[in-house]
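Encoded as structure tokens, the structure appears first; notes follow it.
Read the figures in this text as sums done on the coordinates, not as results from a lab. Every value quoted in this text rests on a predicted model; they were computed, and no experiment measured them. When we count neighbours, we look across all protein chains shown, and the Cβ atoms used for this are built from the backbone with ideal geometry, even at glycine.
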Amino acid sequence: MAQNDSLAVPSGDKYVTVFNDPVNFNVKHPLHNSWTLWFDNPGKKSNANTWEQSLKELITFDTVEDFWGVYNNIMKTCDLSISSNYHLFKQGIKPMWEDTANKHGGKWSIQLPRNKTMNDIDGIWLNTMLACIGEAFEHENEVCGVVVSVRRAFFRIALWTRSSDNQNVAMSIGTTLKRETGIDGMFEFQPHHETKSSGKPWTV
């Protein structure tokens, strides 16, 4: 990148670019959307009420640098206790089916055996988040958020969408998700309220 590129700022400006000081530069790179990270661990005997009570809004960020600041200072997925979930959703969307943005949507998900993916789950979850905040999807406006769930026998990765009735759009998102995560396995799409008329699930 040339020094006269968009990251360069006029001399005397309060912001320091990577060209001025590669170590201490403070220019931030905005994301297209703001994102909120949520966490919950309701335990084995949870119900709708206890689950919502356990859901905690951790932090909202809107720049590349702030994302890395969050990621580098939270517990890694492989170290979370059983029944834990991280949810990364666009700001203003709660990670629950009842939210207006989610209620007509669905999710692409895959279960990954713990014994085979314990060493890989952190990278898979990171790539999933980067695909979302980095606008990797052709139908980016359809993406509501992503979830990683820790269970005794498996990890689950899920991407939530705004709608569930357009197969071409859904398949495009699923294909991109599989490519970006690098997972060698089958993702399956499921409407939140089982409204899809076809008996055979969409898979990639």
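For this structure, a couple of remarks:
- Using C-alpha pairs under 8 Å with a sequence gap of at least 6, the mean separation divided by the residue count of region 33-203 gives a relative contact order of 24 percent.
- 5 angstrom amide H check on THR63, placed H, neighbours 5+ away: LEU31
- The local environment of SER172, defined by Cβ-Cβ distances under 13 Å, has a net charge of -2 under the rule Lys, Arg +1 and Asp, Glu -1.
- Radius 11 Å from Cβ of ASN141, net charge of other residues (Lys, Arg +1; Asp, Glu -1): -2
- You can think of it this way: the chain between ILE74 and LYS200 has 41.5 nm of extra reach, that is 0.36 nm per residue less the Cα-Cα gap.
- Cα-centred dipole magnitude for region 86-204, charges only on beta-carbon of K, R (+1) and D, E (-1), debye, nearest 20: 440
- When the C-alpha to C-alpha distance is required to be over 26 Å, the pairs from LYS76/LYS103; LYS94/LYS116; LYS56/LYS178; LYS94/LYS200; LYS90/LYS178 that qualify are LYS76/LYS103; LYS94/LYS116; LYS56/LYS178; LYS94/LYS200.
- Extension gain, ARG179 to HIS104: 0.36 nm times the residue separation minus the Cα-Cα distance gives 24.5 nm.
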